[in-house]
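Only the coordinates and a few stated rules stand behind these numbers; no lab work does. All figures in this text were calculated on a predicted structure; none of them were measured in a lab. Reconstructed Cβ throughout: ideal geometry from the backbone, glycine too, with neighbour counts over all protein chains shown.
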Protein chains: 2
Amino acid sequence: MHRPYTTDPHPLVRKLESIVDLTSEERDALRALSFMQRELNAGQDIVREGDRPSQACLILEGWAFRYKMAGDDRRQIFSFHIPGDIPDLLSIHLNTMDHSLATLTAARVGFIQHRSLHELFSRHPRLPGVFWRETLIDAAIFREWMVGMGRRKAPSRIAHLLCELYVKLESVGLANGHTAPLRISQETLGDALGLSSVHVNRALMALRSKNLFTFDGRTLTIHKWDRLAEIGEFDPAYLHLEPLARAA
Amino acid sequence: MHRPYTTDPHPLVRKLESIVDLTSEERDALRALSFMQRELNAGQDIVREGDRPSQACLILEGWAFRYKMAGDDRRQIFSFHIPGDIPDLLSIHLNTMDHSLATLTAARVGFIQHRSLHELFSRHPRLPGVFWRETLIDAAIFREWMVGMGRRKAPSRIAHLLCELYVKLESVGLANGHTAPLRISQETLGDALGLSSVHVNRALMALRSKNLFTFDGRTLTIHKWDRLAEIGEFDPAYLHLEPLARAA
DNA sequence: CGCCCACTTGAACGTGTTCAAACGTCGTGG
DNA sequence: CCACGACGTTTGAACACGTTCAAGTGGGCG
């Protein structure tokens, strides 16, 4: 379905190579991007709604997620991010953050100055298009989540999310066979799906009784992909995983 | 809150000038963009999920919306579009449409070849960033709709959408005083909000009884903005209406 | 005038929420 | 090593919100 992942040690290079053939100059330029590195615990905000960042955050290890609060009790999560992602890349064109970014697990992240990215883009004119495309895929995933929250019931939403996360992990080489690491609490799943944790629990138990997958909050193993995809109405087209045409 | 709109006859120039100061060269290049023009009735698909367009659609007159079907009965609408918008601009970087675009009202649209856009971008290096930014704002609106569908109740969602549409119309000069044209059926509102038309009707009636606004499916007049914004938890920050810095 | 479409209303039903309590597990410190 | 606490999961019961189906209303347009 998609190109084989490479094993480049740089997460950003690895991610982009899963999408497009980089020239060696582009690869070198990406590896040369300088950033300040930080280790964070789980559940820490990286950037907050209202901030005006001058740098963007590259996930090097661990998971992050984006969210926004409605009032001070209701949280809506928009996306989960894995190594190689730059979840707040949008801050290079939108001055003020309209949402927050936080770590889901303990994580290592790098902060890249916007200035460095602009330089990278002007020197390597194919790259802005590649990153633009990444933000368009983000938006495609948002649309699919909207379909879920607007038009699918809880079990279907859960099945869909599990399929999506599995495919994304697999596409960057983080899944083995039918198993992938997935350290997400039911409360967090609920905040991503627009459900209460109680209802996530009940729907999850109902799904579990069908033996389609096992999931204990740490590891996801999918036993019957086709059936799960059917329940979740999952069609991966919106992830746009087909690689781009080769570099000229 | 945002810059005064210009009255340039070209909808695309008018839209972009509401965001950024264009140089006269940029303006001329935009006006010179060639496109095939078409008149469409209300409720016609312009591009469909699965298509691989070689052109992008500029709305010249009337309204359009983007949507996706779940099964063949449930429809989810993602966005509404007005003159100056290029709702499927994403097709320049994503080969296959993951959703459809249709007219809401009778409309006049222009189809711009992707090739022309690429040429425009390479000749006017500030423009890709401006268009990229537009697609990032699209995504910001998707996020806000996710908050609504996941975490707000029907009356709040409706109030929020009315506020959003009013502000967007005002920002391009399509609202007069407190009144704006808004030709949307309750069924369509429901498909955008993740609600049944029956429930939209009831929630709308309940809101109407508060005399915050009048809306008859054609025209929206807002009487008590503050109160409506409060009910909808509407904070326009996510629309990123502040103009960009002036051209150097 | 009459038809069509959108809006309105009612009643029964279903999905998901809320509140509360109990249970398990894991990591920490005594 | 065990006790404890923190946190996530599981369960129950009552309730609220939203859906569905069905019928009736009203306005605009041919």
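Ranked from largest, the principal axis spans of the Cα set of the protein assembly as shown equal 57, 52, 38 Å.
Across the copies of the chain, A:ARG31 has label points (7 Å from Cα along Cα→Cβ) spaced 5.0 nm apart, shortest distance listed first. Taking a point 7 Å out from Cα toward Cβ as the label site, list the nm distances between B:ASN176 and the same residue in every other copy, smallest first. Counterpart label points of B:ASN176 in the remaining copies fall at 6.9 nm.
Reported value for chain A: 121 Å³ per residue, from the convex hull of its C-alpha atoms. Spin-label pair A:ASP216-A:ASP21: with each label point 7 Å from Cα along the Cα-Cβ axis, the two points sit 4.4 nm from one another. Counted by Cβ distance under 13 Å from A:GLY148, the other residues give a net charge of +3, where Lys and Arg count +1 and Asp and Glu count -1.
If you take every residue apart from B:THR96 with its C-beta less than 10 Å away from the C-beta of B:THR96, what net charge results, scoring Lys and Arg +1 and Asp and Glu -1?
So the environment of B:THR96 carries a net charge of -3.
The simple Förster model, with R0 at 56 Å and r as the Cβ-Cβ distance, assigns B:SER196 and B:GLN113 a FRET efficiency of 0.85. Secondary-structure-derived ellipticity at 222 nm for chain A, considering helices only, amounts to -12000 deg cm²/dmol, per-run term -39500 (n - 2.57) for DSSP H runs with n ≥ 4.
List, in the order given, every pair from A:LYS68/A:LYS210; A:LYS15/A:LYS153; B:LYS15/B:LYS68; A:LYS153/A:LYS224; A:LYS153/B:LYS153; B:LYS68/B:LYS210 whose Cα-Cα distance in the structure shown is over 23 Å. Working shown, then result.
Values: A:LYS68/A:LYS210 34 Å; A:LYS15/A:LYS153 32 Å; B:LYS15/B:LYS68 26 Å; A:LYS153/A:LYS224 20 Å; A:LYS153/B:LYS153 16 Å; B:LYS68/B:LYS210 34 Å.
In this structure, A:LYS68/A:LYS210; A:LYS15/A:LYS153; B:LYS15/B:LYS68; B:LYS68/B:LYS210 lie more than 23 Å apart at Cα.
For the stretch B:93-111 and the stretch A:40-107, compute the distance between their C-alpha centroids and round to whole Å. First find each Cα centre; the distance between them is then 31 Å.
The fewest-to-most ranking of B:GLU187, B:GLU25 by surrounding Cβ atoms within 10 Å reads B:GLU25, B:GLU187. Among A:LEU174, B:LEU117, A:LEU162, B:LEU182, sorting on how many other beta-carbon atoms sit within 10 Å of each Cβ, with the fewest leading, yields A:LEU174, B:LEU117, B:LEU182, A:LEU162.
Sorting A:MET69, B:MET36, A:MET149 from the fewest to the most surrounding beta carbons within 10 angstrom yields B:MET36, A:MET69, A:MET149. Per-peptide packing, taken as the mean over residues of other Cβ atoms within 10 Å, places B:210-221, A:55-66, B:95-106, A:70-81 in the sequence A:55-66, B:95-106, A:70-81, B:210-221 from highest down. Which FRET efficiency value, to the nearest 0.05, do you get for B:ARG227 and B:GLU187 by plugging their Cβ-Cβ distance into 1/(1 + (r/R0)^6) with R0 = 25 Å? For R0 = 25 Å, the calculated efficiency reads 0.40.
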